[in-house]
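Asks: First the structure, which I've put down as structure tokens, then a few questions once you've had a look.
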Amino acid sequence: MFIEVMKSKIHRARVTQAELNYVGSITIDQDLMEAADLIANEKVQVVNNNNGARLETYVIPGERGTGTICLNGAAARLVQVGDIVIIISYATMEREEAKAFKPMVIFPDENNRLL
């Protein structure tokens, strides 16, 4: 049996931009992507701590070292600059593998920089 488990998480990042007129996605600073084991086009869930909104989208690499967290397209309507979000990726694996799996969780500072 396969189950879906949390693979990685960026916990409490601050939204730096919201661009409505864009194809859609979330742009994430490449430093944060690497630290959280995320790759370009990977599906993620975004949870907005400020308003409770939840959405799924895919990752676009942002400029390294900028702290960028930008919701693009329709998702931009669900956030405001300054909102705190949690970005979660999931993986499907065998139940036994999942029992031993340790997800990568990162905690950026208030400027979305790694501590």
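Please treat every number below as a calculation from the coordinates, not as lab data. This one's a predicted model, so the numbers in the text were calculated from it and none came from an experiment. All Cβ positions, even for glycine, are placed from backbone atoms using ideal geometry, and neighbour counts span all protein chains on display.
Asks: Have a look at N48, N21, N72 and tell me which one the Gaussian network model of the chain (Cα, springs below 10 Å) gives the largest fluctuation.
Replies: Of N48, N21, N72, the most mobile in the Gaussian network model is N21.
Asks: Something else now. Calculate the FRET efficiency for A100 and R64 from the Cβ-Cβ distance with a Förster distance of 35 Å, rounded to the nearest 0.05.
Replies: 0.65
Asks: What nm distance separates the two modelled labels at R54 and E19, each placed 7 Å from Cα along Cα→Cβ?
Replies: Each label point is offset 7 Å from its Cα along the Cβ direction, giving 2.8 nm.
Asks: Near the amide H of G24, under 5 Å away, which other amide H atoms are found, from residues 5 or more places off or on another chain, if H is placed in the peptide plane?
Replies: Amide H neighbours of G24, under 5 Å, 5+ apart: G73.
Asks: By the scheme Lys and Arg +1, Asp and Glu -1, what is the net charge of all other residues having a beta-carbon under 14 Å from that of R12?
Replies: Summing Lys/Arg as +1 and Asp/Glu as -1 gives 0.
Asks: Taking Rh as the Kirkwood radius computed over C-alpha pairs, what is the Stokes-Einstein D of the range 2-92 at 25 °C in a medium of viscosity 0.890 mPa s, expressed in µm² per second?
Replies: Calculated translational D: 192 µm²/s.
Asks: By the scheme Lys and Arg +1, Asp and Glu -1, what is the net charge of all other residues having a beta-carbon under 12 Å from that of G67?
Replies: Spelling it out: positives minus negatives among the neighbours equals -2.
Asks: Between Q80 and I3, take the C-beta separation as r, use R0 = 41 Å, and let me know the FRET efficiency to the nearest 0.05.
Replies: 0.75
Asks: Once every DSSP H run of n ≥ 4 in the chain is given -39500 (n - 2.57) and the sum is divided by its residues, what mean residue ellipticity at 222 nm do you get, rounded to the nearest 500 deg cm²/dmol?
Replies: -2500 deg cm²/dmol
Asks: In whole Hz and in residue order, list the ³J(HN,Hα) couplings for the range 13-28 that follow from phi through the Karplus curve 6.51 cos²θ - 1.76 cosθ + 1.60, θ = phi - 60°; x for Gly and Pro.
Replies: So the Karplus estimates, Gly and Pro as x, are 8, 9, 5, 9, 8, 9, 10, 5, 8, 8, 4, x, 1, 10, 8, 10 Hz.
Asks: Go through 108-114, 94-100, 24-30 and give me the packing order, highest mean Cβ count within 10 Å leading.
Replies: Final packing ranking: 24-30, 108-114, 94-100.
Asks: Need one number: % antiparallel among DSSP beta bridges in the chain, to the nearest 5.
Replies: Taking every DSSP beta bridge within the chain, about 70 percent pair in antiparallel fashion.
Asks: Counting only other residues whose beta carbon sits under 11 Å from that of R113, what net charge do I get with K and R as +1, D and E as -1?
Replies: -3
Asks: Can you sort K102, K9, K43 from fewest to most other Cβ atoms within 10 Å of each residue's own Cβ?
Replies: Sorted ascending by nearby Cβ count, the order is K102, K43, K9.
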